[in-house]
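Working notes for the structure below.
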Amino acid sequence: MRFEVSKVLDAIEARLTTDPALARGVVDLSEVVRYADLDGGRPASLVRLGLLVDALGRYVAEENVPVYAVAPRGLISDTDLTSNERMVVRRWADDGKIEVVPQLDDRVLEVAELLGLPVLTRDREDHFRDRRPWVTEPGRLLALVSNQGGPALVARVGRGEAAPPVPRSPLGERLLARVWSCPAPNCTSYGSGGDPDSPFADMRTYASPVAQPPPMLRAGAPTCPRHGERLRDVGARPATEVLSVRIDGVIRQRFAVSEEKPVVVGRAPEGGSGIMLGQWLTDDARKWISRGHVQFILRGGEITVQDISTNGSGIRPGNSADDEARITLKRDESRVLGADDVVELYAGVNVGRSALWATGGNVQPESVMGEAPTMAFRPVGR
Ligand SMILES: [Zn+2]
């Protein structure tokens, strides 16, 4: 594979998730790879997923927007893809980056309904209208079309007015309140990692219980989408809350805080599991903000922010711009975050609940296609 192509696929991979808290749209991977009109190239190309990822970022005007990709198993052996692309699809499937199903049926629509996400498709989904009547509502189906500024997502229904966010379905809420277990060995979505003494135990990545994808319903029973096995309910799922990092008016990244695990945000948190802000900061902000600056803890439905920095931080109650209202947090001090409160690590460097900000504030988010070879791949309209 050409080096540039593999770098693009790596950039795309970083935007793939089946985590219900973070995914922002659902796509049938076998559909988008065939959008040959976008580049006039081969019948199928995995790199086209990058165009869709970019378009979704522009649609919500936000950086680092992840997509939930579902692929029928046949795509792994589809010879319209290069052998390297097939290998990448298989790896994404094995690592749980994408969801692979024996038959697609209406799984993409099911995921969208359970999670309250738009479906990224050119199909009108007419044949599923009886089962999923919401496909005729404005903004639920977004089609990738050629546009002057690069391919764009356009609502299939309505006049392109901004559609309000859709909540998870009641069934989705119920399914996502539980942890599920798949009887198939080494199930990356609903497994626990299997036998820790097995020589293969550490070779796969397993979805953490809080990030398990939504089960598929078959005859009313929660079922593993990949293995078709009936899932077992193994207990309550720890709650999660989604927060956004907003720097100078632009949402850079969303992240989930669960009751299971506090999250550290700072310039470069140690251990690699925190939220690293360094690459987005000005020199002055980099000097002020500690490597690990604040820690978010979710407990009993409340988010507590604890300062762990050298220079301290602040809370802006109700996202107030009034400096008089700003509450200072010194090292080791903590405070429960009100629904509309925003944490300020430095002027213009904020963290708050994602629901606070209706728009990501960036009409031209960074592209995953940055390394795309211009000869092999030419975006329409450039
Ligand atoms: Zn399974």
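Quick notes
- Complete set of residues in the stretch 258-273 that are at pLDDT 95 or above and closer than 22 Å to LEU356 by Cα: VAL263, VAL264, VAL265, GLY266
- Exactly one residue out of ALA219, ALA211, ALA207 is within 12 Å of the ligand (Cβ to nearest atom), among the small types (Gly, Ala, Ser) and at pLDDT 65 or above: that is ALA207.
- Matching residues in the stretch 253-276 - criterion: being touching a His at 6+ places or on another chain (Cβ under 9 Å) and of a type in the set (Lys, Arg): ARG267
- First in the stretch 228-252 and within 16 Å of the ligand (Cβ to nearest atom), second anywhere and among the basic types (Lys, Arg), Cβ under 7 Å, 6 or more apart: ASP233/ARG178
- The single residue among GLY96, GLY57 that is farther than 29 Å from ALA219 by Cα, of a type outside the set (A, V, I, L, M) and either under 18 Å from the mean Cα position of the chain (by Cα) or buried (at least 21 other Cβ atoms within 10 Å of the Cβ) (or both) turns out to be GLY57.
- Residue match in the stretch 56-67 (condition: modelled with pLDDT of 95 or more, in contact with a helix residue (DSSP H, G or I) (Cβ under 9 Å, 6 or more places away or on another chain) and in a loop (DSSP other than H, G, I, E, B)): yes
- The set of residues in the stretch 249-261 being charged (D, E, K, R), surrounded by fewer than 20 Cβ atoms within 10 Å (Cβ to Cβ) and in contact with a strand residue (DSSP E or B) (Cβ under 8 Å, 6 or more places away or on another chain) consists of GLU259 alone.
- The set of residues in the stretch 137-153 being surrounded by 15 or more Cβ atoms within 10 Å (Cβ to Cβ) and either within 25 Å of ALA355 (Cα to Cα) or not assigned by TED's automatic domain parsing to the domain that holds ASP94 (or both) consists of PRO138, GLY139, ARG140, LEU141, LEU142, ALA143, ALA152, LEU153.
- Only one entry in ALA268, ALA285 is in contact with a strand residue (DSSP E or B) (Cβ under 9 Å, 6 or more places away or on another chain) and outside any loop (DSSP other than H, G, I, E, B), namely ALA285.
- Candidate set from the stretch 25-47 (those that are touching a Pro at 6+ places or on another chain (Cβ under 6 Å) and closer than 21 Å to ARG140 by Cα); member that is surrounded by the most Cβ atoms within 10 Å (Cβ to Cβ): GLY25
- Residues of the stretch 250-266 classified as among the hydrophobic types (A, V, I, L, M, F, W, C) and under 14 Å from ARG24 (Cβ atoms), total: 3
- Test: residue in the stretch 188-204 that is outside any loop (DSSP other than H, G, I, E, B) and modelled with pLDDT of 90 or more: no
- Residue check: ALA163 meets all listed conditions (1) within 16 Å of the ligand (Cβ to nearest atom); (2) of a type in the set (Gly, Ala, Ser); (3) touching a strand residue (DSSP E or B) at 6+ places or on another chain (Cβ under 7 Å); (4) modelled with pLDDT under 85 but one, namely (1).
The values are calculated or read from the model by the stated rules, or taken from the named source; none is laboratory data. Fair warning: this is a prediction, and the values are worked out from it, not measured in the lab. Note that each Cβ is placed from the backbone with ideal geometry, even for glycine, and that neighbours are counted across all protein chains shown.
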